[in-house]
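The values are calculated or read from the model by the stated rules, or taken from the named source; none is laboratory data. Every value quoted in this text rests on a predicted model; they were computed, and no experiment measured them. Every residue, glycine among them, receives a Cβ derived from its backbone with ideal geometry; neighbour counts consider all protein chains shown. What goes into the accessible areas is simple: the full protein's heavy atoms, side chains included, and nothing from ligands, DNA or RNA. Shrake-Rupley method; radii C 1.70, N 1.55, O 1.52, S 1.80 Å.
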Amino acid sequence: MHDATKPAESPPRVVIDRVTPEIDAGRFPTKRVLGDEVTVGADVFTEGHDRLVAVLRVRGPGDDDWREVPMTALVNDRWEATFTVDRLGPWECAIDAWVDEIATWRAGLVAKRDAGLDVASELLEGAALLERASTRADGPDRAWLAEHARLVGGSGEQATRAAAAMSPALTSCALRFPDRTRATRWERTLRIAVEPERAVYGAWYEMFPRSASSEPDRHGTFADVVQRLPYVAGMGFDVLYLPPIHPIGRTHRKGRNNLPVAGPDDPGSPWGIGAAEGGHTAIHPSLGTLGDFDRLVTAAREHGLDVALDLAFQCSPDHPWVTEHPQWFRHRPDGTIQYAENPPKKYQDIYPIHFETDDWRALWDGLRDVVLFWVARGVRIFRVDNPHTKPFAFWEWMIAEVRAAHPDVFFLAEAFTRPAVMRHLAKVGFSQSYSYFTWRNTKAELTAWMTELVTPPVSDYMRPNLFVNTPDILHEYLQIGGRPAFQIRSVLAATLGATWGVYGPPFELIETASSGGEDYLDGEKYQQRHWDVERPDSLRPFIARLNRIRRDNPALHRNDRLRFLPVDNDRLLAYVKTTPDLSNQVLVVVTVDPHHRQTGWIELPLDALGLDATEAFQVHDLVSDARFLWDGPRAFVAIDPAVVPAHVFRIRRRLRTEKDFDYFL
């Protein structure tokens with residue numbers, strides 16, 4: 001009931017609208033990595049022409065109190081503030097805005113004074129405002145403001161009082177003690193998930209440990225993987241990703257090339273997880289022990305590599321959960337358990353998890369505990385198999401549970417699925433997504449697809465991991481394009497995206513044989529292979545050079561400053577990536593035709609690159625080490641894929657020393 005004895009407070013006058021970056025009206029957090037600058041923007045306005053103040057309120061992980069960052073007015077009522085995230089975990093932002101009575105009064109006073117009008121009333125109004133400000137002040141400022149309020153509202157000469165009222169020192173002091181009783185507080189809180197640098201930038205190498213043996217007929221071990229680490233690190237990779245390392249079931253085990261019946265020596269698919277030796281927290285006996293795995297993780301770190309594990313929440317018929325928790329699986333009317341199917345394909349060696357079980361809480365806890373088990377052994381990165389076939393609510397809960405205790409853990413979604421589903425997985429917590437790079441091979445496809453990924457709001461929550469191939473996908477482009485096709489896809493993946501990946505050794509050894517469709521012939525999913533990684537025709541040196549270029553050029557460490565450039569040839573793709581301060585700029589020109597020589601003219605945005613149209617500049621090809629002098633907004637390029645199918649130029653400006661000696665930076 002309204003209390004008639006108390007005056008009703010008028011509603012706030014300031015409107016706060018169109019806050020960015022905000023995902024689905026605050027339902028999901030936007031993503032950043034440690035050390036990023038975060039810019040928050042909003043439309044802030046009121047009726048009329050009163051002056052406003054807006055502040056961004058920021059609270060980081062573990063903070064009890066908010067700190068305030070002043071927002072700056074730009075144009076058309078747009079305001080922004082920037083701060084740096086210096087801790088992993090969840091951050092919060094809010095916005096307050098209010099009418100600045102002091103600044104509004106002062107602006108009116110100045111306008112009337114300059115127009116030669118009488119300002120007696122304005123001075124009295126200002127004195128009242130300053131007096132109220134003094135009551136909000138503390139320390140010496142309280143008395144100082146009160147004294148100036150008396151001076152401004154006193155009986156002295158009007159010109160003297162007006163000069164005192166417009167004193168910058170007085171205005172500055174009064175503005176430190178604003179009246180915020182009618183401030184507008186934005187009705188929502190902006191959430192920001194701050195993740196480790198590796199969640200946005202890195203180079204991944206996938207390999208099957210069982211094929212790491214130096215002897216053709218021996219099953220590989222973790223010790224063999226340790227011996228392979230210098231090879232992987234030498235190519236400049238940051239992440240070593242291992243397919244499932246658990247015991248493999250024998251019931252309905254698949255044979256080579258996905259034959260429905262396995263031979264006596266066929267090892268089966270690593271994704272058929274679980275046997276008498278254990279399930280998702282056990283090690284395949286032929287690979288070694290948990291102690292051997294721990295030694296691998298330690299050795300990998302010594303080589304600058306993080307170990308990523310495959311997280312496949314599915315079971316073989318022999319998994320211990322099948323007997324311990326039968327309610328976690330879907331049963332047919334005849335009592336048998338439903339195996340995985342994707343008609344016409346059948347996967348009798350895999351039982352999907354039944355997430356609609358009445359025992360769902362215990363199931364969720366058990367799956368989370370699998371992740372925490374490997375986190376306790378030093379794993380911080382998980383590539384999740386087919387997450388789009390499990391409930392979104394589960395992933396949101398599980399990822400939040402893990403990251404609450406371990407904010408340096410992140411997850412890659414292997415979700416080749418519908419765009420809306422893939423985007424939603426990113427929103428609920430997946431740091432990276434494979435997305436569709438494997439199937440984007442033309443200039444038009446690559447341009448449209450990457451433009452979407454690097455443009456807000458998608459770029460605020462979804463990051464691509466550009467794998468050039470996977471154990472499941474040998475694209476036709478690679479099957480028929482020969483060595484140039486492999487190089488083209490390497491350059492595109494390594495420079496378009498901040499994170500890229502290779503399934504090796506088949507990629508660097510240019511394996512092109514298919515068993516039909518996009519499946520590798522004699523693929524490692526179903527058998528052990530032996531690889532001669534020292535072959536002289538390997539792409540190993542080329543890949544190592546690309547990764548070295550990536551490390552040396554910070555412009556390639558992020559996705560958000562990618563810009564495609566016009567080229568008068570649909571077989572040539574040109575784009576530039578820069579650091580915000582333009583100190584590092586990389587221009588890539590790559591052919592998408594692996595068979596024929598291509599030429600074309602590129603149009604360069606000189607102003608955006610900070611280049612003078614009247615000055616020559618150098619482009620340094622970081623692949624071939626050749627250097628060229630260009631000038632003007634157009635440049636001619638010729639690319640022969642039989643030689644090198646791309647230029648990766650670093651743009652270097654001409655600088656002159658005091659002795660008029662030219663060099664390029």
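For segment 529-654, what is the convex hull volume of the alpha-carbon atoms per residue, in Å³?
Values: hull volume 16.5 nm³, N = 126.
With only Cα atoms used, segment 529-654 gives 131 Å³ per residue.
For the chain, which whole-number percentage of the solvent-accessible area (1.4 Å probe, protein heavy atoms only) is attributable to carbon and sulfur atoms? Mind showing how you got there, number by number?
Working: 15110 of 29290 Å².
Ligands and nucleic acids excluded, carbon and sulfur reach 52 percent.
What FRET efficiency would be calculated for the residue pair I337, A400, taking the C-beta separation as r and a Förster radius of 35 Å, to the nearest 0.05?
Numbers: r = 30 Å, r/R0 = 0.87.
So, using R0 = 35 Å, E works out to roughly 0.70.
If you average the C-alpha positions of segment 511-537 and of segment 123-166 separately, how far apart do those two centres end up, in angstrom?
With segment 511-537 and segment 123-166 each reduced to a Cα centre, they are spaced 83 Å.
What percentage of all Cα-Cα pairs in segment 20-94 are separated by more than 16 Å? List each step's numbers first, then the result.
Details: 1494 of 2775 pairs.
Here the tail beyond 16 Å accounts for 54 percent of pairs.
Only bridges with both residues in the chain count here: give the DSSP antiparallel percent, nearest 5.
70 percent
Write down the accessible area per residue of segment 34-166 in Å², having rolled a 1.4 Å probe over the full set of protein chains.
Values: 6760 Å² over 133 residues.
The answer is 51 Å² per residue.
Run through all the Cα pairs of segment 196-345 and give the fraction in each 10 Å bin from 0, expressed as whole percent.
10, 34, 32, 19, 5, 0
Multiply the residue separation of A146 and D179 by 0.36 nm, subtract the distance between their alpha-carbon atoms, and state the gained length in nm to one decimal. Mind dumping the intermediate values first?
On the way: separation 33, 0.36 × 33 = 11.88 nm, distance 1.57 nm.
Result for the pair: 10.3 nm of gain on full extension.
If you wrap segment 599-642's Cα atoms in a convex hull and average its projection over all directions, what's the area in nm²?
Hull-based average projected area comes out at 3.5 nm².
Within the chain, which is the longest segment containing none of the GluC sites (Glu not before Pro) that sit in a DSSP loop and have at most 15 other Cβ atoms within 10 Å? Mind showing how you got there, number by number?
Values: sites that count: E9, E47, E157, E187, E277, E356, E534, E615, E658.
Free of exposed loop sites, the longest segment is 357-533.
Where does the charge balance sit around R440 when Lys and Arg score +1, Asp and Glu -1, over other residues with C-beta under 12 Å from its C-beta? If you can, show how the numbers build up before the last one.
Numbers: positive: K443, R489; negative: E445, E452.
Overall, the nearby charge balance is 0.
On the Cα set of segment 527-591, report Rg and Dmax in Å, please.
Gyration radius and largest Cα-Cα distance of segment 527-591: 16.4, 50 Å.
With contacts defined as alpha carbon pairs under 8 Å and 6 or more residues apart, what's the relative contact order of segment 513-606 in percent? Write down the numbers at each step before the final one.
Numbers: 101 pairs, mean separation 19.0, N = 94.
Taking the mean separation of contacting Cα pairs over the length of segment 513-606, I get 20 percent.
Need the C-alpha centroid separation for segment 175-190 versus segment 430-487, integer Å.
45 Å
Volume per residue, Å³, of the convex hull around the alpha-carbon atoms of segment 315-406? The partial results should precede the final answer.
Working: hull volume 11.0 nm³, N = 92.
Each residue corresponds to 120 Å³ of Cα convex hull volume.
How big is the chain on each of its three principal axes, counting only the C-alpha atoms and giving the largest first in Å?
107, 74, 42 Å, listed from the longest principal axis down.
Please state, as a whole number in µm²/s, the translational diffusion coefficient that the Stokes-Einstein equation yields for segment 268-381 at 4 °C and 1.567 mPa s, with Rh defined as the Kirkwood radius across alpha carbon pairs. Provide the component values of the computation, followed by the final result.
On the way: Rh = 15.6 Å.
Answer from the Stokes-Einstein relation: 83 µm²/s.
Quick one: length gained pulling S155 to A276 fully straight, 0.36 nm per residue minus the C-alpha distance?
Working it through step by step, the gained length comes to 33.8 nm.
Relative to the Cα centre, what is the charge dipole magnitude of segment 105-160, using +1 at the beta carbon of each Lys and Arg, -1 at the beta carbon of each Asp and Glu, and rounding to the nearest 20 debye?
Numbers: 7 positive and 9 negative charges, 25 e Å.
Once rounded to the nearest 20, the dipole reads 120 debye.
Return one whole number: the accessible area per residue of segment 343-445 in Å², for a 1.4 Å probe.
On the way: 4040 Å² over 103 residues.
Value returned for segment 343-445: 39 Å² of accessible area per residue.
If you place +1 on the Cβ of every Lys and Arg, -1 on the Cβ of every Asp and Glu, and leave all else neutral, what size is the dipole of segment 48-177 about its Cα centre, to the nearest 20 Debye?
Working: 15 positive and 21 negative charges, 41 e Å.
Computed charge dipole of segment 48-177: roughly 200 debye.
I want the local charge near D625. Using Cβ-Cβ distances under 15 Å, sum +1 for each Lys or Arg and -1 for each Asp or Glu among the other residues.
Numbers: positive: R545, R548, R627, R650, R652; negative: D552, D621.
Value of the local net charge: +3.
Please list the equivalent ellipsoid semi-axes of segment 276-327, computed as the square roots of five times the alpha-carbon gyration tensor eigenvalues, in descending order and whole angstrom. Show your work: numbers first, answer last.
Working: eigenvalues 157, 31, 10 Å².
Here the semi-axes work out to 28, 12, 7 Å.
By its C-alpha gyration tensor, with a ≥ b ≥ c as the square roots of the eigenvalues, how is segment 34-148 shaped: rounded for a/c under 1.5, else prolate for a/b larger than b/c, else oblate?
On the way: a/c = 3.63, a/b = 1.78, b/c = 2.04.
It is oblate, given that a/c is not under 1.5 and a/b is not larger than b/c.
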